[in-house]
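Down below is the structure, laid out as structure tokens.
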Amino acid sequence: MKLNHILIVCTLLCLRFACAQDFQGIATYQSKTTLDINLEGRRIPEDRKAQIMERMKKGMERTYDLNFDRTASLYTEQQALETPNTDSRGGRFRMMMGGSTGIYYKDIQTKTFKNQQELFGKVFLVVDSLEPWQWKLGSETKKIGNYTAYKATAIKKIDTSSTNQFRRFGPPPPPGDEEKKAQEKDSTGTKTDNSLFNRMEQPTEKEIVAWYTPEIPVSTGPGNYWGLPGLILEVHDDKTVILCSKLVLNPTEKSKIEAPKKGKEVTQAEYDEIVADKMKEMSERFRGGNRGRQGGFRPRG
């Protein structure tokens, strides 16, 4: 009965908003991602470890604006002012751990997106179809700001190739580890990797939890999330939480919601391959620069 009530409310609200031809809104989202990175065993001073962890934490906290109307949306990151002590390594770390969303445009009618990204000074325009979400609507509700939000869940397959990229392109092991692993062989003479990471069975899928409000009947949300009968206000995607902190409907100054046009046009698969190649190149440079150094990791400058 409660799900039927949701559908009735959505229908009435859609009819109401359909009368507003120039309906538009701006939602601000706070995104935070937690990382399980262990620096124990690294020959790094404790104060330096604390600085690295703080930089990682700040690098994974971001603020975005979603400009939307009934059929399209534009998702952009707010640019924070750099502090005098900020160095370029933080930006490189952010790129390797997920980069910036750039300018992300979704068209719900055509089910397509355009994502303008900059990678090491070169601009790309990723153009592809929106990923379909098989949402399961629930009856659980909660208040997010002044809006009643309903829970929805979806199962998403994990790209194991991305996991392998992180394994391959993470911080290099201390000096001697690679030689030690090369000497570890089983009875058949095959090299083995006895690390805890490789002994663990990696999950192949994860549950995405979204909270949407039928009070704003637009089928969009932050980033690539969409497809629910209401604006998505909150998302829990593994270690990433995205929460709407501010919402303005029909602002006095409306902005154009236009797809980005700048950059070399590629598909999502092509762009992923470009990023993987670049990460591999960076990893090889990093490992080569640390071979022979006592103490393994040693920051420059």
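The values are calculated or read from the model by the stated rules, or taken from the named source; none is laboratory data. Since the model is a prediction, treat every value here as computed from it, not as a measurement. Counting neighbours? That spans all protein chains shown, and the Cβs are built from the backbone with ideal geometry, glycine included. Remember, those area values only see protein heavy atoms, side chains included, never the ligands or the DNA or RNA. Shrake-Rupley method; radii C 1.70, N 1.55, O 1.52, S 1.80 Å.
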- Query: Would a scan of region 197-217 turn up a residue that is over 30 Å from Phe113 (Cβ atoms), charged (D, E, K, R), modelled with pLDDT under 95 and open to solvent by 60 Å² or more (accessible area, probe 1.4 Å)?
  - Reply: yes
- Message: Need a quick list: strands (runs of 3 or more DSSP E) entirely within region 106-159 having at least 3 residues that are exposed (fewer than 14 other Cβ atoms within 10 Å of the Cβ) and touching a Gly at 6+ places or on another chain (Cβ under 8 Å).
- Response: none
- Can you run down the residue pairs with Cβ atoms below 6 Å, 6 or more apart or on separate chains, where the first is in region 262-277 and in contact (Cβ under 8 Å) with a residue 12 or more places away in the chain and the partner is loosely packed, with under 14 Cβ neighbours inside 10 Å? Lys262/Val123; Gly263/Val123
- Does Glu253 count as open to solvent by 70 Å² or more (accessible area, probe 1.4 Å), under 16 Å from Asn115 (Cβ atoms) and either of a type in the set (Asp, Glu) or in contact (Cβ under 8 Å) with a residue 12 or more places away in the chain (or both)? no
- Message: Condition check: part of a strand (DSSP E or B), small (Gly, Ala, Ser) and modelled with pLDDT of 95 or more. Does Ala259 satisfy that?
- Response: no
- Of the conditions (1) part of a strand (DSSP E or B); (2) under 17 Å from the mean Cα position of the chain (by Cα); (3) surrounded by fewer than 18 Cβ atoms within 10 Å (Cβ to Cβ), Cys244 fails just one. Which one is it? (3)
- Task: Check off (1) modelled with pLDDT under 90; (2) out of contact with any helix residue (DSSP H, G or I) (no Cβ under 8 Å at 6 or more places or on another chain); (3) charged (D, E, K, R) for Lys280 and give me the number that stays unchecked.
- Result: (2)
- For Glu265, all conditions in the list (1) at pLDDT 95 or above; (2) outside any strand (DSSP E or B); (3) open to solvent by 20 Å² or more (accessible area, probe 1.4 Å); (4) touching a Leu at 6+ places or on another chain (Cβ under 7 Å) hold save one; what is the number of the exception? (2)
- Specify the residue that is modelled with the lowest pLDDT; the eligible residues are those in region 27-55 that are open to solvent by less than 90 Å² (accessible area, probe 1.4 Å), in contact with a Lys or Arg (Cβ under 9 Å, 6 or more places away or on another chain) and not in a strand (DSSP E or B). Leu39
